[in-house]
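Taking it in order: structure first as structure tokens, then the write-up.
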There are 2 protein chains.
Amino acid sequence: MLHLLIHMGRMEGPLTSEAAATMLGTNPVVIRRTMAGLRDAGYVRSVKGHGGGWSLTRGLDGITMLDVHRALGENRIFALGPADPDPVCLVERAVNGSLEDALQEAEALLLRRLADVTLADIAADFDRRFAALSPEDRTARAHAGQLPPG
Amino acid sequence: MLHLLIHMGRMEGPLTSEAAATMLGTNPVVIRRTMAGLRDAGYVRSVKGHGGGWSLTRGLDGITMLDVHRALGENRIFALGPADPDPVCLVERAVNGSLEDALQEAEALLLRRLADVTLADIAADFDRRFAALSPEDRTARAHAGQLPPG
DNA sequence: CCTTCATATAACAGTGATAGTTACATGATG
DNA sequence: CATCATGTAACTATCACTGTTATATGAAGG
């Protein structure tokens with residue numbers, strides 16, 4: 001999804017769900033479902049009808065990885081977690097306590113890191129990767145629909 | 001599962017899968033499946049027949065939360081992750097790069113924290129919680145099958 | 001108007017991972 | 001040799017997620 005937003009930041013005009021679905025090898029309805037979260041959070045806008053589609057409401061430098069993560073409702077960071085969040089057994093409570101301490105520290109660090117990186121930073125990283133390609137590769141990539149920087 | 005191991009560390013004799021399943025409100029076969037990982041990693045041993053069951057091969061201070069996590073084969077720490085681990089698209093590669101940087105940092109921190117805590121530490125935490133109970137509560141808990149410390 | 005394009009959303013089907021269950025084999029104990 | 005307990009295969013159930021179909025709504029252009 002980050003992927004799509006960055007592509008959108010480099011395009012003129014809106015991106016249709018149809019086109020986005022083709023890019024990601026999925027279905028337009030799936031795109032709409034997912035983008036709905038980003039629209040509700042105010043990062044993108046959707047327009048119906050001729051010439052419609054999805055577009056950003058702000059620059060790539062105004063959206064962090066954390067923003068996107070939250071807007072997509074992906075609040076579960078870890079695959080681990082307490083089996084029972086409020087157990088009666090004191091042993092279980094002690095287990096949860098230790099586990100949660102560790103998880104919260106790691107989660108806090110991850111969220112800080114995600115908040116540090118804007119989509120513009122990722123786009124700049126793309127530019128570096130593109131510039132590192134040989135001229136032939138650059139041409140091939142451009143023909144494959146991957147726009148060159150600028 | 002940590003739960004069970006700590007109970008085992010405070011019991012005389014082995015714990016049957018049947019009893020463990022009752023404790024966790026699940027099925028003996030599920031217990032056997034899960035404990036198999038811990039047995040293969042050498043933290044517990046299983047004995048068949050009369051008086052058989054599961055027992056620890058070492059003290060609770062010889063097992064960390066990380067040990068258990070690894071032995072259970074729970075290698076997926078995060079619910080997040082790259083959609084395509086090796087994409088052709090350079091934008092996707094740039095996204096993966098930024099995401100992986102953040103994830104790896106957080107994962108490394110979490111693993112350090114998990115490795116820091118032994119099951120004996122958790123058991124000690126249990127003791128503190130138990131000691132903090134009123135005498136009546138302590139009696140009630142003991143009758144409910146939750147052994148007092150010592 | 002009315003056709004076309006595009007999103008909005010509900011409803012349903014497919015899919016994969018995990019948990020639970022049943023069944024049977026094996027081994028240890030008394 | 002009966003009983004207790006694990007080992008394991010095979011099947012079912014459940015749940016979340018993805019994909020699909022169908023219908024409604026709204027915007028643009030002729």
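Using amide H atoms built in the peptide plane, which far-off residues or other-chain residues are under 5 Å from residue B:78 H to H?
Those lying under 5 Å, H to H, from residue B:78 are A:79.
Given a 1.4 angstrom probe, what's the average accessible area per residue across the range A:30-150, in square angstrom?
So the range A:30-150 comes to 54 Å² accessible per residue, rounded to a whole number.
Treat each spin label as a single point 7 Å out from the Cα along the C-beta direction, and report the residue A:57 to residue A:33 distance in nm.
If labels sit at residue A:57 and residue A:33, their model points lie 2.3 nm apart.
In the range B:82-96, which residues become less accessible by 10 Å² or more once every protein chain is in place, relative to the chain on its own, using a 1.4 Å probe?
B:88, B:89, B:90, B:91, B:92, B:93, B:94, B:95
Can you give me the distance in nm between label points at residue A:11 and residue B:12, each placed 7 Å from the Cα along the Cα-to-Cβ direction?
Label-label distance for residue A:11 and residue B:12, simple model: 7.3 nm.
What is the Cα coordinate range of chain A on the first, second and third principal axes, sorted by size from largest, in whole angstrom?
Principal axes ranked by extent give 63, 40, 26 Å for the Cα atoms.
At 1.4 Å probe size, with no ligands or nucleic acids counted, give the accessible surface of residue B:95 in Å², nearest ten.
Near enough 10 Å² of accessible area.
Over the Cα atoms of the protein assembly as shown, compute the convex hull volume and normalise it per residue, giving Å³.
Dividing the Cα hull volume of the protein assembly as shown by its residues yields 177 Å³.
Enumerate the residues in the range A:71-108 having an amide nitrogen under 11 Å from the point lying 7 Å beyond the Cα of residue B:137 toward its Cβ.
Output list for this probe position: A:90.
Using the Karplus curve 6.51 cos²θ - 1.76 cosθ + 1.60 with θ = phi - 60°, what ³J(HN,Hα) values do you get for each residue of the range B:8-18, in whole Hz, with x for Gly and Pro?
For the range B:8-18, the Karplus curve yields 4, x, 10, 10, 8, x, x, 10, 7, 4, 4 Hz.
In angstroms, what radius of gyration and Dmax does the range A:43-108 have, counting Cα atoms only?
19.7, 62
Could you look at the protein assembly as shown and say what percent of its accessible area is carbon and sulfur, using a 1.4 Å probe and all protein chains?
Carbon-and-sulfur percentage of accessible area, whole number: 50.
What whole number of Å gives the distance from the Cα centroid of the range B:1-26 to the Cα centroid of the range B:82-110?
Each part's Cα centre sits 39 Å from the other's.
Considering all projection directions equally, how large on average is the shadow of the alpha-carbon convex hull of the range A:12-86, in square nanometres?
Quarter of the Cα hull surface area: 7.0 nm².
Search the structure for amide H atoms under 5 Å from the amide H of residue B:43, placed 1.01 Å from N in the peptide plane, and list their residues when 5 or more places away or on another chain.
Sorted by chain and number, the residues that satisfy this come to none at all.
Summing both sides, how much accessible area is buried between B and A? Use a 1.4 Å probe and give Å² to the nearest 100.
Summed over both sides, the interface buries about 3600 Å².
Provide the FRET efficiency to the nearest 0.05 for the residue A:45-residue A:108 pair, computing r from the beta carbons and using R0 = 22 Å.
With R0 = 22 Å, the Cβ-Cβ based efficiency is 0.10.
The values are calculated or read from the model by the stated rules, or taken from the named source; none is laboratory data. As the structure is a prediction and not an experimental result, all values here were calculated from the model. Please note: Cβ atoms are built from the backbone with ideal geometry, for glycine as well, and neighbour counts cover all protein chains shown. Remember, those area values only see protein heavy atoms, side chains included, never the ligands or the DNA or RNA. Shrake-Rupley method; radii C 1.70, N 1.55, O 1.52, S 1.80 Å.
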